Amino acid sequence: PKKALIVGSGIAGIATAIHLAVKGYAVEVFEANAGPGGKLTQFEQEGYRFDAGPSLFTMPQYVDELFKLAGKTPADFFRYQKLDVVCQYFYEDGTTLTAYADADKFAAEVNRVTGEPMEAIKKYQAKSRDIYSITNHVFLEQSLHRLKTYLSWDTLRSVLKLPRIDALRTMHKANEDFFKDDRMVQFYDRYATYNGSNPYTAPATLNVIPHLEQHYGAYFPEGGMYSITNSLVKLATSLGVIFHYNSPVDEVVLKDLRVEGLNVKGGFIPGDLVISNMDVWFTYHKLLKAHPSLFPKKILSQERSSSALIFYWGIKKPFPELDLHNIFFGTDYKAEFDHIWKEKDIYHDPTIYLNISSKYKTDDAPEDCENWFTMINVPANTGQNWDELIATARENILKKLTRILGDDIEELIVCESILDPRSIESRTSSYQGSLYGTSSNSQFAAFLRHANRSSKIKNLYFCGGSVHPGGGIPLCLLSAKIVSELL
Ligand code: FAD
């Protein structure tokens, strides 16, 4: 069989390995870290388990699809449950709002809390669904970089409907024009952060994102987020994929603009094709640094998505008013995003996302305790004084949570770990520590993401959050599928 070499065992690398093994390739994965998963890993500290990266699981069908592809029943290997409450929202004015998964219940809740008519919510959701139906097939599920895509009837139909995807206004403008209540504007603006973008500049096309969560639902994997990585690695291994850990790839070896193999820890590994799951910026700047004339300069210079600052706290008290996903909004969303995108620092009153997996997986924390994943959005790493920014942010976060929850949170912290843009960059080779590759702050972003196949180097392919169709688990899984279809 032909030999496929994959650089990196992020979720897209693992999924690509499964696709190719099913297709009959001999697949080997080389991973720099001691274990698989990239951003999707876990760690334990003093009796608390933490999922290190992603915490919101949407579109589980893309994971199931991989088991089905291999002829297996997904539920035998990977189980998850649909959330009835997607997220609990806390506003600084004392408002709390529960985002129910059930559309009628959610519309009633919004009406009760903000006075927005229930029909307004339904109408907004219909608009979001409409954008999805126009964009999904063309922009997400296939390569944007081959002629076939543009010659299909599906694409033509979508192109005719393009004015409906609302690409000429910003997300914020569309939300502000639609809702009377500022709290709902902020609620829907927040979805820009699902791919690390800025609602005040990103096109209103991104108002498609709520559809994924509100229509398809949010889920929790029974074994925590890490079980996505774990179960897919098991599946890949059962298909004959070989994983090499502690094996950083140094170079993609070329001959006459064709891939010959990889250099790993000083040894040459021959292969028929190479798929890089390493961030595309580093793939060029590290693995192909001998060939600067082959760099797609415009694509590599695109603005990066935002990064994150996370405090993983073991907390020695249960908080029944909190759910699995919780948001504590800041008061001035515009100022918050200006700080992230213009000042490149952290606003003093940031919106806090708090994830507590022990609400569903009780053994993630000792009895009567909770594992808090406390995250704020921060700029990508361009050499800021992070130690200073982190110390100030920690103080501000603790003050805000203490005020809203009425308990001295610092007193309750049993153990602490911190992840910041520098460590995200160094642990997973993500350029500038960005979470989702390039940002979607412009209408053209979809076209300026790197393709899943190199146009200049034969047999070189790309998967993962830094290339088409984009970041986040569902899109990473789609990138793997597109690579497989391109072969
Ligand atoms: P990555 O996870 O980036 O992994 C790449 C792998 O390649 C790494 O293991 C790295 O070690 C390896 N590698 C790099 N260079 C080399 C080399 N030279 N040799 C060998 N190996 C190499 N997404 C969601 O869907 N929902 C969320 O709630 C969510 N929240 C997030 C929160 C945080 C804090 C973070 C960091 C991300 C979040 N994301 C979320 C985004 C999601 O985690 C990513 O989009 C996705 O996991 C990226 O997967 P990937 O396949 O691109 O590879």
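Things to note:
- In segment 261-281 there is at least one residue matching the filter, namely being open to solvent by less than 20 Å² (accessible area, probe 1.4 Å) and part of a helix (DSSP H, G or I).
- Considering segment 1-33, the residues that are of a type in the set (Ser, Thr, Tyr) and assigned to a loop (DSSP other than H, G, I, E, B) include one that is farthest from the ligand (Cβ to nearest atom), namely 25.
- Residue in segment 282-293 that is surrounded by the most Cβ atoms within 10 Å (Cβ to Cβ), counting only those that are within 13 Å of the ligand (Cβ to nearest atom) and part of a loop (DSSP other than H, G, I, E, B): 288
- Residues being small (Gly, Ala, Ser) and within 16 Å of the ligand (Cβ to nearest atom) - total across segment 224-240: 4
- Segment 80-93, residues that are within 19 Å of residue 354 (Cβ to Cβ) and at pLDDT 95 or above: 83, 84, 85, 86, 87, 88, 89, 90, 91
- Residue in segment 168-181 that is among the aliphatic types (A, V, I, L, M) and surrounded by fewer than 17 Cβ atoms within 10 Å (Cβ to Cβ) present: yes
- If you go through segment 406-426 and keep only what is assigned to a helix (DSSP H, G or I) and out of contact with any strand residue (DSSP E or B) (no Cβ under 7 Å at 6 or more places or on another chain), you end up with 409, 410, 411, 422, 423, 425, 426.
- Residue within segment 449-468 that is of a type outside the set (Asp, Glu), more than 13 Å from the ligand (Cβ to nearest atom) and farther than 24 Å from residue 251 by Cα present: no
- Residue count for segment 39-66, restricted to those that are assigned to a helix (DSSP H, G or I) and either at pLDDT below 95 or open to solvent by less than 40 Å² (accessible area, probe 1.4 Å) (or both): 4.
- Failed item in (1) within 13 Å of the ligand (Cβ to nearest atom); (2) out of contact with any Leu (no Cβ under 8 Å at 6 or more places or on another chain), with residue 475 passing the rest: (2)
- Strands (runs of 3 or more DSSP E) contained entirely in segment 295-405, each with at least 1 residues that are surrounded by fewer than 17 Cβ atoms within 10 Å (Cβ to Cβ): none
- Selection within segment 228-246 - buried (at least 22 other Cβ atoms within 10 Å of the Cβ) and either touching a Pro at 6+ places or on another chain (Cβ under 7 Å) or assigned to a loop (DSSP other than H, G, I, E, B) (or both): 228, 229, 241
- Contact map, segment 387-404: first residue modelled with pLDDT of 95 or more, second residue assigned to a helix (DSSP H, G or I), Cβ cut-off under 6 Å, separation 6 or more or different chains; pairs are 398/409; 398/410; 401/409; 402/409.
- A search for C-beta distances below 8 Å between a residue of segment 247-265 that is under 20 Å from residue 453 (Cβ atoms) and without any contact (Cβ under 8 Å) to a residue 60 or more places away in the chain and any residue that is within 9 Å of the ligand (Cβ to nearest atom) and outside any strand (DSSP E or B), counting only pairs 6+ apart in sequence or on different chains, returns 251/287.
- Out of 426, 417, sole residue that is over 16 Å from the mean Cα position of the chain (by Cα), at pLDDT 95 or above, of a type outside the set (Asp, Glu) and open to solvent by 50 Å² or more (accessible area, probe 1.4 Å): 426
- Filter result for residue 36 (open to solvent by less than 60 Å² (accessible area, probe 1.4 Å), over 28 Å from residue 351 (Cβ atoms) and more than 16 Å from the ligand (Cβ to nearest atom)): no
The values are calculated or read from the model by the stated rules, or taken from the named source; none is laboratory data. Quantities reported herein were computed from a predicted structural model and do not represent experimental measurements. All Cβ positions, glycine included, derive from the backbone under ideal geometry; neighbour counts span all protein chains shown. When the accessible area is computed, the model is the full protein with side chains, heavy atoms only, and any ligands, DNA or RNA have been set aside. Shrake-Rupley method; radii C 1.70, N 1.55, O 1.52, S 1.80 Å.
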